[in-house]
Amino acid sequence: MAEPTIDARVSPLAHLQERMRAAAVTGARGVTLTERPFLTMVNLRVDPASEAADRIEKTLGAPLPGQCGHTAAAGPHTVAWLGPDEWLVLSRAEPAAVTAELREALGGDPGSVVDVSANRTTLELGGPAARQVLEKGCPLDLHPRVFAPGRAVSTTVGPVAVLLWQVDDVPTYRLFPRSSFADYLARWLIDAMGEYRGPDLP
Amino acid sequence: MLLITCPWCGPRDETEYHYGGQAHVPYPETPADLTDGQWAEYVFYRDNPKGPFAERWVHSTGCRRWFNVLRDTATHEVLTSYRIDEPRPELPHAGGNR
């Protein structure tokens, strides 16, 4: 019945895959950069005090984080705070399914559920030196006493606006730049990673 | 570099924000009755105080919300920031010698 679909999508950083792999640094000052393309992202806007928000929380299985920097995870979904009435649902599930599910939960109430998966791409920067690489261009305090796994904040890295999410203690970060800025950001990060290849200078 | 506290996101560098001019400039209540002079006044004429000045800022790379900042135009000191629906806070030392 259904036509077999061919996945003809090309990720925004497909052309830099080789360069990113070659830029990887191993050892005590190791840092790696990879793209994780085609993650499902759904932008959600709703009044957090409304009944619609309760229904959405039930559907997601997680409360909508109420504060800047906080995230909530449940099953395949992670919800990141974008604004006082705006969230980004990151998911491993199919975008159409997530969007439909959330839209049904929202019903006719004021708010919006929009599939924005193609808006941004995902860069994963990980390794013992990952924080030092980011600190070259990010105005946020990324020290573990302030920024920890599970935190996600909209900020800038270099001149590029990104959503910055720390995934684990390695540390591993996921950066979500808009697709058209991804090329620049990847090249910026490759350049910033270069110095950790050599010995640590006193 | 100013360190501005966004009411939603906390203190962030000035580079994350954009400026929006003087705050608390209400839209005319009866726009149809305004003379050209009054329109010009509303559109172009702004205060230019030396000292505390209420102005609008938007946290463009953060939560993308507009809010108000009270900034001293003489010293660049950011005195306070508050949400767009809050009235301008009274400062104990505003207008005095500092």
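Computed values, structure above
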read-out: The stretch A:60-73, residues that are touching a residue at least 24 places away in the same chain (Cβ under 8 Å) and in contact with a helix residue (DSSP H, G or I) (Cβ under 8 Å, 6 or more places away or on another chain); value: A:Leu60
read-out: Of residues in the stretch B:1-51 being more than 14 Å from every other protein chain (Cβ to nearest Cβ) and in contact with a Pro (Cβ under 9 Å, 6 or more places away or on another chain), the one nearest to B:Ala74 (Cα to Cα); value: B:His24
read-out: Residues that are in contact (Cβ under 8 Å) with a residue 24 or more places away in the chain, over 23 Å from B:His59 (Cα atoms) and aliphatic (A, V, I, L, M), drawn from the stretch A:74-113; value: A:Ala93, A:Val98, A:Leu102, A:Ala105, A:Leu106
read-out: Which numbered condition A:Thr32 fails, given (1) in contact with a Lys or Arg (Cβ under 8 Å, 6 or more places away or on another chain); (2) assigned to a strand (DSSP E or B); value: (1)
read-out: Selection count where residues are surrounded by fewer than 21 Cβ atoms within 10 Å (Cβ to Cβ) and within 14 Å of chain B (Cβ to nearest Cβ), scope the stretch A:82-100; value: 4
read-out: Index of the failed condition, A:Val25 passing every other in (1) of a type outside the set (Phe, Trp, Tyr); (2) surrounded by 15 or more Cβ atoms within 10 Å (Cβ to Cβ); (3) under 23 Å from A:Val113 (Cα atoms); value: (3)
read-out: Any chance A:Val146 is within 14 Å of another protein chain (Cβ to nearest Cβ) and within 14 Å of the chain's Cα centre (by Cα); value: no
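Here, each number is a calculation from the coordinates, and none is a lab measurement. This structure is a prediction, so every number in the text was calculated from the model and none was measured. With ideal geometry, Cβ positions are generated from the backbone for all residues, glycine too; neighbour counts draw on all protein chains shown.
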